[in-house]
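The values are calculated or read from the model by the stated rules, or taken from the named source; none is laboratory data. Here the structure is a predicted model, which means the values were calculated and not measured. Glycine also receives a Cβ, built like all others from the backbone with ideal geometry; neighbour counts cover every protein chain displayed. Quick note on the areas: whole protein, heavy atoms, side chains included, nothing else; ligands and nucleic acids left out. Shrake-Rupley method; radii C 1.70, N 1.55, O 1.52, S 1.80 Å.
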Amino acid sequence: MLTTEDYTHFPVQMWERVLSKVKKAVVFMDDKCAESLHWCGGAAVLLEAGARNLKQFSSFEACGVNEPKAVFVVSTLLKGTTVEILKDIISLSHFQYCVVITTVPHSVHLLANNVTTEMEGSPVFEQFEEKLCEWMGNMNYTAEVVHVPVVFAPVSQQLLLTPMFAHLFPLLPPDLESINAKRPEKKRFGSLLDVDMNSLPVELQFEIKSLASVLNSVFEATGTREESFAVGPMSRIIAGELANHPQAKNRRKAAPNKASIIFVDRTMDITGAVGHHGDNLVEKIMSVLKPLPGHVTDVQVDMLELTSLQRTPHSQTTLAPGCLAQTQSPAAQTLWEAMLTNKHKEGVMEVRRQLVETASKEKLPIKMSMGRVTPEQLCSYMQLFKSSWGALESHCGVLQLGLATSQTLSHPSLPRWDACLAFERLLLQALGDSDFPAVLRQLLPLMKPRGGEDSTTSGSRSGEDESGPDEMILLLVYLYSLADEAQPADQDTEEEEVEKLERELIGVLTLVLTREIELSPLVQKLTGCANPEELTTERAHSAVEKMFDTLRGLSHARDHLKQLRSVYTASDGVHQATYRPFLRQILEEVFRPDRPECPDIDYMSGGLTDLLKTGFSMFMKVSRPHPGDNPLLFLFLVGGVTPAELRLIKESVSTHKPGAQVLVLSTRLLRPTDIPELLFTTQRLLPDIGV
């Protein structure tokens with residue numbers, strides 16, 4: 001029987017196919033493929049395989065006369081901008097041998113070229129090889145174009161991410177309006193649940209088909225016969241595409257290993273992704289440290305503490321940053337797993353334990369201290385390694401994770417995390433006692449513009465834990481995702497009151513944004529402005545109005561569900577109101593010993609047979625496959641998973657079915673501020689796949 005380890009090794013196997021092509025070559029790679037490689041060994045594995053250099057896939061790069069071979073690794077279709085960049089690089093260089101590796105399968109390239117019938121061989125790739133020879137200037141030179149699904153990033157033993165699909169997110173009510181606007185009135189969809197694959201924009205169809213093809217590749221390589229299940233409209237479309245994949249039908253007939261895969265839309269539980277209740281160290285590290293350039297998941301770790309350099313305004317550009325992906329060190333990997341799947345306190349204690357143990361092994365003069373772990377204490381341990389270059393080099397992975405922890409614990413914005421958590425708890429209690437307008441009104445006092453009457457210093461906030469626009473937006477998303485849980489009131493009166501409050505909130509939030517002296521990355525994406533000078537009142541007001549259009553539909557995402565409709569438990573007078581994670585509810589259903597059929601987890605692999613069974617079930621008992629029937633369970637979170645949810649999954653498995661094999665797949669590892677970006681700024685209907 002296969003284990004989750006066999007599947008987490010798949011990304012490395014795919015990169016080995018790329019490595020077989022790179023000897024004596026200069027490798028050009030786009031950001032999404034580079035992020036996948038980053039978690040599979042990084043640039044070091046390319047250089048060890050014989051690559052001469054690694055460059056960004058950009059029109060501003062080229063090679064010299066003494067570099068005749070190039071390998072291009074891209075995550076897009078070989079069309080549009082991708083083709084232009086390839087032509088630019090090749091025309092400026094002196095290549096005699098070019099290999100282009102794309103993560104997009106040939107079947108999707110056919111569709112992108114308006115070919116709907118299946119064809120033998122790879123005609124699109126063969127034609128592109130001729131173009132490459134033309135650009136090189138000699139038709140006798142060598143050109144290869146191949147598809148290799150280097151899509152997954154094995155972030156942990158229980159998690160595979162897909163950087164290529166980091167911005168794939170379930171559709172929202174505004175997207176339904178956009179789809180319906182292009183359809184005749186009589187053929188418009190009543191809800192997102194009615195939307196089918198063919199009604200989506202072609203760019204999104206290509207992306208979903210590419211994802212289904214990638215998943216098929218995993219199951220093909222491991223000899224797996226999967227049964228697909230789905231919760232949510234987008235998940236149904238993806239699961240249906242995988243079930244109908246042309247190669248999947250033949251594979252499932254002969255594959256010896258069985259598995260279940262449940263696709264779950266992130267929109268089923270926005271509360272869990274945007275809240276600060278996770279109590280997880282990695283979630284906080286990802287939230288306060290700057291992202292690694294070009295990466296969605298990893299962050300920059302300041303390495304200055306391990307050097308003798310003085311801290312100056314230019315020291316950050318002098319020294320390359322560290323990161324969280326430590327694929328070369330078993331000790332660092334073990335520590336990373338603990339940080340990712342344990343509670344915050346346990347993670348911090350494990351960091352200290354590892355540093356003490358490592359310093360003791362190296363016979364460094366460490367002074368033991370018990371009690372609370374402080375960032376100063378962690379720094380003092382790590383600075384001991386400066387005196388021993390050998391120890392520094394040997395344990396660089398553990399030290400980078402230690403530095404990430406100490407820098408997070410001492411970060412000036414960390415107190416805001418606790419402030420948000422406290423306010424979220426107040427909102428949870430208020431929802432059980434008041435109607436929605438009364439709860440929404442509680443957000444108004446928080447929205448203080450810089451330099452307002454309550455600020456102690458003009459143009460600045462009165463304290464580190466005082467909410468900025470990011471925190472206000474997060475709290476709005478949190479509250480609107482739970483709007484249906486509030487106490488009912490007179491509908492007409494409530495609607496009027498909510499409209500009035502929303503107008504007031506839009507005005508105040510517009511003022512908050514225009515008073516900012518520095519725009520956060522989230523505010524920049526939300527408004528499309530890089531600096532405060534560009535941000536006019538009109539632009540800020542327009543962005544906030546659009547935001548509220550999306551917010552209003554958040555609480556209706558679970559309306560179609562029969563059983564798993566709520567993520568909220570009201571106070572009973574003894575216990576406080578609590579958030580009930582949607583994933584925990586799903587796993588409880590999957591692992592229940594009596595295995596009842598859950599009406600909200602749709603079985604998607606049945607095809608015609610399942611339709612017949614549905615008909616027969618009207619007058620006789622018919623059993624359908626259950627996600628818990630198979631020895632291996634995949635959970636695919638469409639739109640992202642949080643580190644706290646990884647711990648929740650681990651705990652649910654150990655509670656309900658110890659020893660069960662569960663592997664999480666997702667489009668990205670989420671920090672709270674990712675959710676507003678995905679909700680309000682991502683082009684969900686027009687993904688960037690290179691068309």
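Tally up the residues in region 293-313 that are touching a residue at least 40 places away in the same chain (Cβ under 8 Å) and within 20 Å of Glu677 (Cα to Cα), please. Show your work before the answer.
Quick first cut of region 293-313, residues touching a residue at least 40 places away in the same chain (Cβ under 8 Å) only: 294-299, 301-303, 305-308.
Subset that is within 20 Å of Glu677 (Cα to Cα): 294-299.
Residues meeting the conditions: 6.
Would you check which residues across region 506-525 are open to solvent by 20 Å² or more (accessible area, probe 1.4 Å), within 19 Å of Leu443 (Cβ to Cβ) and under 29 Å from the mean Cα position of the chain (by Cα) and list them? If you could, list the steps in order and put the result at the bottom.
Of the residues in region 506-525, the ones open to solvent by 20 Å² or more (accessible area, probe 1.4 Å) are 507-508, 511, 514-515, 517-518, 520-521, 524-525.
So of that shortlist, the ones also within 19 Å of Leu443 (Cβ to Cβ) come out as 507-508, 511, 514-515, 520.
The one that is open to solvent by 20 Å² or more (accessible area, probe 1.4 Å), within 19 Å of Leu443 (Cβ to Cβ) and under 29 Å from the mean Cα position of the chain (by Cα): Ser520.
Does Ser191 meet the test of being over 30 Å from Ser20 (Cα atoms), among the small types (Gly, Ala, Ser) and out of contact with any Ser or Thr (no Cβ under 7 Å at 6 or more places or on another chain)?
Answer is yes for this residue.
Yes/no matrix, rows are residues, columns are (1) at pLDDT 95 or above; (2) assigned to a helix (DSSP H, G or I); (3) of a type in the set (A, V, I, L, M):
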residue: Pro174; (1), (2), (3): no, yes, no
residue: Glu177; (1), (2), (3): no, yes, no
residue: Arg183; (1), (2), (3): no, no, no
residue: Ala212; (1), (2), (3): yes, yes, yes
residue: Leu215; (1), (2), (3): yes, yes, yes
residue: Glu220; (1), (2), (3): no, yes, no
residue: Phe229; (1), (2), (3): yes, no, no
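Which of the residues spanning region 534-582 are open to solvent by less than 40 Å² (accessible area, probe 1.4 Å), farther than 23 Å from Leu426 by Cα and in a helix (DSSP H, G or I)?
Within region 534-582, Ala540, Ala543, Val544, Met547, Thr550 qualify.
Could you give every pair whose Cβ atoms fall below 6 Å, whose first residue belongs to region 131-160 and is within 23 Å of Cys33 (Cβ to Cβ), and whose second residue is polar (S, T, N, Q) and open to solvent by 10 Å² or more (accessible area, probe 1.4 Å), counting only separations of at least 6 or pairs across chains?
Here the result reads Trp135/Ser91; Pro149/Ser217; Pro154/Thr8, each pair linking region 131-160 to a residue that is polar (S, T, N, Q) and open to solvent by 10 Å² or more (accessible area, probe 1.4 Å).
Scan region 151-165 and tell me whether some residue there is over 29 Å from Val282 (Cβ atoms) and either under 24 Å from the mean Cα position of the chain (by Cα) or not in a helix (DSSP H, G or I) (or both).
No, there is no match, as no residue in region 151-165 is over 29 Å from Val282 (Cβ atoms) and either under 24 Å from the mean Cα position of the chain (by Cα) or not in a helix (DSSP H, G or I) (or both).
Starting from residues that are within 22 Å of Trp15 (Cβ to Cβ) and among the polar types (S, T, N, Q), keep the ones in region 89-106 and report whichever is surrounded by the fewest Cβ atoms within 10 Å (Cβ to Cβ).
Going through the qualifying residues, I end up with Thr103.
Considering only residues that are part of a loop (DSSP other than H, G, I, E, B), hydrophobic (A, V, I, L, M, F, W, C) and in contact with a helix residue (DSSP H, G or I) (Cβ under 7 Å, 6 or more places away or on another chain), which ones fall in region 38-77?
First pass over region 38-77, keeping only residues part of a loop (DSSP other than H, G, I, E, B): 39-42, 49-52, 57-68, 75-77.
So of that shortlist, the ones also hydrophobic (A, V, I, L, M, F, W, C) come out as 39-40, 49, 51, 57, 60, 62-63, 65, 77.
Answer for region 38-77, where residues must be part of a loop (DSSP other than H, G, I, E, B), hydrophobic (A, V, I, L, M, F, W, C) and in contact with a helix residue (DSSP H, G or I) (Cβ under 7 Å, 6 or more places away or on another chain): Cys40, Ala49, Phe57, Ala62, Leu77.
Checking Ala543 against (1) in contact with an Asp or Glu (Cβ under 9 Å, 6 or more places away or on another chain); (2) closer than 25 Å to Thr267 by Cβ, only one condition comes out false. Which one?
Here Ala543 meets the rest and fails (1).
Looking at Gln524, Gln487 in this structure, which one is assigned to a helix (DSSP H, G or I) and among the polar types (S, T, N, Q)?
On the way: Gln487 fails: assigned to a helix (DSSP H, G or I).
Being assigned to a helix (DSSP H, G or I) and among the polar types (S, T, N, Q) holds for just one of Gln524, Gln487, which is Gln524.
Could you please let me know if Leu319 is open to solvent by less than 40 Å² (accessible area, probe 1.4 Å) and closer than 28 Å to Val45 by Cα? Walk me through it before giving the result.
Details: open to solvent by less than 40 Å² (accessible area, probe 1.4 Å): no; closer than 28 Å to Val45 by Cα: yes.
When the stated conditions are applied, Leu319 does not pass them.
Those residues that are of a type in the set (D, E, K, R) and open to solvent by 70 Å² or more (accessible area, probe 1.4 Å), I need them from region 108-147; list them, please.
Correct list: Glu118, Glu120, Glu126, Glu130, Lys131, Glu134.
Could you please find all residues in region 485-499 being open to solvent by 40 Å² or more (accessible area, probe 1.4 Å) and within 10 Å of Leu440 (Cβ to Cβ)?
Glu497
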